[in-house]
Ligand SMILES: [Zn+2]
């Protein structure tokens, strides 16, 4: 009998951090990463992480031309020879992420080179959250954070790192639906807006997600998929799926020059409450006013949000 996947993954992490110099360097480097906390009046607490190794990801060019000009780093034939993997189901491989944010940071890739699209894969995501029950699994849409929009992948990071896990106990949630163990809530803490689905079963979440996905798609009809970041985990028998709809990938400050530039390229982890700044000057600039301004530019505005909630309530 094969070892449980969670054990195989633990062994993979240990092996890769020992034998793969890039992974060893960057995971060791995490010990030196500086973090500070920013608290907001309404109780939201965010952490800011200065992590220079994330420059590659934060400044990734994900336009079609740049993607076409590089070799896909998630395809088997292009991955470093040292990078090992653990199979998950028939269609995925679990790898360690050599540019970590978390002490345990995984990338779960589709085995074939197909575009980053969540449609039809939400069950896989919840299944993964069950299998890797010490992790939060996350997904970045092709236009809001995925640095390989041409090769399907999830990521996962150890639990106990992102404030979002406890936000739902600390911040007010507005109930939308309840049916047996299935619940749907909305959350708006003044910075971020999310829909939170929870159930003891995968199926009701998958059905509701699909409904929400199509409503969001109708609000952003020109995109290949609606802009979303997703986080999923399993806790005390409940699957939890958090949907962060987005209206923009990067705030205006990202594209400015000189002192005005802030290299902030938010994705699931940032929405989950850990803001990653690959440059030291940005790390120290982050305060309540700036963070509020940055989030205002990337999350749905009040009108779109009200319309979304109204549509999913029917
Ligand atoms: Zn690929």
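Just so you know, all these numbers are worked out from the coordinates, no wet-lab data involved. It should be emphasised that the depicted structure is a prediction, and the values quoted were computed from it without experimental measurement. Using ideal geometry, Cβ is built from the backbone for each residue, glycine included, and neighbour counts are taken over all protein chains shown.
Some notes on this structure:
- Residues 37, 77, 53, ranked from the fewest to the most other C-beta atoms within 10 Å, line up as 77, 37, 53.
- All alpha carbon pair distances within the stretch 45-115 were sorted into 5 Å bins beginning at 0; the resulting P(r) in whole percents reads 3, 12, 19, 23, 21, 13, 7, 2, 0.
- Peptide ranges 265-271, 209-215 listed from the most packed, as the mean C-beta count within 10 angstrom indicates: 265-271, 209-215
- Fewest-first ranking of 109, 131, using other Cβ atoms within 10 Å as the exposure measure: 131, 109
- Share of Cα-Cα pairs in the chain lying beyond 30 Å, as whole percent: 30 percent
- Helix content alone sets the calculated 222 nm mean residue ellipticity of the chain: runs of n ≥ 4 DSSP H residues at -39500 (n - 2.57) each, divided across all residues, give -9000 deg cm²/dmol.
- Gap separating the Cα centres of the stretch 244-293 and the stretch 53-105, nearest whole Å: 22 Å
- Solution diffusion estimate, µm²/s, Stokes-Einstein, the stretch 119-195, Kirkwood Rh from C-alpha pairs, 20 °C, viscosity 1.002 mPa s: 147 µm²/s
- Volume of the Cα convex hull of the stretch 1-139, divided per residue and given in Å³: 162 Å³
- Spin-label pair residue 133-residue 75: with each label point 7 Å from Cα along the Cα-Cβ axis, the two points sit 3.8 nm from one another.
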